[in-house]
Amino acid sequence: MNHTDPVTAFYLRQLPDAKQHNNALTATCPFCVQSGSHSDKKTTKRRQSLVVFLNPESYFHGYYRCLNRCSPGGFPLHFARQAHLDMNLAPGFDPDRDYVASQINYPVKNINHELSDFMERMTDDLIHRFAQCGISQAVLREMKIGYNGRYLVYPFIQADGNCYTARCVHPDRPEDTFWHGNENFAQDGFRLFNLEDIQRCENGSLVIVEGEDNLLAVRQIGLPGIALPDISEFAHLKAKRLAWLNTVFLCVAHNPESIAAAREFATRIGFKIRMIRWPDTAPREFNLMQLAKEQGKGFQQAFFQLVREAKAFSPFSSPEREFLHFEEQLGLQGGENYQTMVSGFSKMDKALGGLHGVNIMGGLPKAGKSCFFIQVATEMARRKVPVIYYDFENGRQKIYQRTLCRLSRLSAEQLQSLHTLTEQEQQRLAAAKVTLQDLLPWLRVVTDRQLDPQLMRSHIDFLRHEHQSEYTMVIIDSLHKLPFKDFSERRTGIDAWLRHLEALRDELNVSFLVISELTRGDDGQYDKQPQLGAFKGSGDIEYSADNAMVLLPQWDPFSNTRPEERKNALWLVASREHTPGLIGSYQLDYPFWGFTEQ
């Protein structure tokens, strides 16, 4: 035992006759002395009953309780208050703490006098029923459980130590309940059974359970806790009520509704919640009372095992899950599907290591950016890679027509004059239509200008599920024409979309090809030097893009250069993993709306 620990040192100073064994300290209970006369030797022996759990590695380190149940236990601050000590002697005392209970104006009238009568009316049958679940008569009296002749009575004592209302539950029909007493204390926020334990456990740990009977099982093994009558009450328990607790163990019935309510509560309260989870083999509706009845004398050991296995409700995924996910991604990267995420242009794929992550390409007007990406999209779809093409530039009909031109080796003018086609050209057109029809299940063109991040995620989820694919390619034409529905500034909107693309990349293995506009210089001209600063309207491209490229014409877009002579240089200007530089030169395949890599 570490005697330098301030909690241990506090109890050793206050309990000079204490004896230690393993991680427990036993001493004469000073509160039994205060509660009555103990003149005979037999009574004096019973007074050697205060137990303090002292294990710095335990969540209940510093919790004390009297085996005679002369008064409720607690942690050092409660001990100091109960013993009327100078609070500055108690480890963790903060004189500036503001307690919620102190803000409540309690009425003069209460129902304390009725509780004793209800307790005396408990029948032998009811006492025996509780005993079958391991609940002793001592615990029933400690928790002031009573009976009014038809209903069990559970007193909801408030923080001032008085009872203003009680919940009455039919022993055989738990759904048959009503509130007795002051209806104001049967409202939201007051329906906490044994709520005094919240302050008794200041700077310590507390168990929260669903249902009063389940709390009796917790109290039977000497642990502190509160109960909420049913799962609906979790929505009304405010985080401020639990502000001065270090750890909260949460245990609800084994059913989807209770577990969902507990998870919502844990999300709201945060890091201090540790969820007690039932084994998958546990029956539906299984709870602590049933576990106590099933385990008998082994209940304490079984419950502490559940406590040890309780997981913190963390905003982070578990280390085990992280490693499994890492291994899974390694496996995927070595698989065939990962290798299919390529553009079909060998130099581009070599320079980028395939199409993975967020890839942004800028270019001058009329440089052929859309044409370039349409070709990449359709070729990937031909290889049965799911592709979503978000188009805000050309329209669905034009994308399909240009694809048909490239596949059939026919110009747009020829497609509009079908009667002039030769037999061979008609055969090529028929074959191209079959190819286009075959690839369309893998290529979804979206022109909806009401697109938002949630809708984009639903599109991706659908296509992934439809094709049972680990990877999806999303092409956006273009970044600056994405809808900015709730964004007040264009640049803010672009940066918000980039954040969303990053999240989809990381969560769903989505790859992106994104067209971006370039900015003009002060002279109104475009900078012909490829650089990251040439991208228009967002400082976040520098941080969001895994690869940033610029497609620059090696011809004058404003001259009369013949289409078949037009070449474009593709530059990698920034990359997280690859060396920037010239990727390659791309010749326009006129008039078939495609490019060939030189």
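Points worth noting:
- Debye equation applied to the C-alpha atoms of region 355-549, log10 I(q)/I(0) at 0.09, 0.15 Å⁻¹: -0.37, -0.94
- Radius of gyration and maximum dimension Dmax of the chain, Cα, Å: 36.0, 121
- Too-long pairs where the Cα-Cα distance tops 18 Å, listed order kept, from K366/K536; K369/K481; K144/K297: K144/K297
- The distance between label points at I127 and K347 comes to 9.4 nm (points 7 Å beyond Cα on the Cα→Cβ vector).
- Cα-based Rg of region 112-312 normalised by 2.2 N^0.38 Å, two decimals: 0.97
- Considering only V514, C29, P553, the residue lying farthest towards the positive end of the dipole of the chain is C29, judged by Cα position with unit charges set on Cβ.
- Rel. contact order, % - alpha carbon contacts under 8 angstrom, at least six apart, region 233-376: 18
- Cβ-Cβ FRET estimate between E309 and R97, R0 fixed at 25 Å, reported to 0.05: 0.20
- Dipole in debye (nearest 20) - the chain, about Cα centre, beta carbon charges: Lys, Arg +1; Asp, Glu -1: 780
- Ranked packing of 398-405, 87-94, 72-79, most packed first, by mean Cβ within 10 Å: 72-79, 398-405, 87-94
- Acute angle (nearest 10 degrees) that the helix 319-333 long axis makes with the longest principal axis of the chain, alpha-carbon atoms: 20
- Between 0 and 90 degrees, the angle of helix 396-408 with respect to the longest Cα principal axis of the chain falls at about 50 degrees.
- Nearest-0.05 FRET efficiency for L330 and T435, computed from C-beta distance (R0 35 Å): 0.50
- In the chain, the longest principal axis of the Cα atoms and the axis of helix 369-382 are about 70 degrees apart.
- Rg and Dmax [Cα atoms of region 255-336; Å; Rg one decimal, Dmax integer]: 17.1, 57
- Beta bridges assigned by DSSP with both partners in region 112-312 are antiparallel in approximately 55 percent of cases.
- Bridge type composition, region 355-549 - antiparallel percent by DSSP, nearest 5: 10
- Computed packing ranks the peptides 9-15, 570-576, 384-390 as 384-390, 570-576, 9-15, most packed first, by mean other Cβ atoms within 10 Å.
- Radius ratio Rg over Rh of region 192-232, counting only Cα atoms, Kirkwood formula for Rh: 0.95
- Dividing the mean sequence gap of close Cα pairs (under 8 Å, 6+ apart) by how many residues the chain holds gives a relative contact order of 9 percent.
- Dividing the summed helix terms, -39500 (n - 2.57) for each DSSP H run of n ≥ 4, by the number of residues in the chain produces a 222 nm estimate of -10000 deg cm²/dmol to the nearest 500.
Rule-based calculations on the coordinates, nothing more; no lab input. Predicted model only: the values in this text are computed from it and were never measured. As a convention, Cβ positions derive from the backbone with ideal geometry for all residues, glycine included, and neighbour counts pool all protein chains shown.
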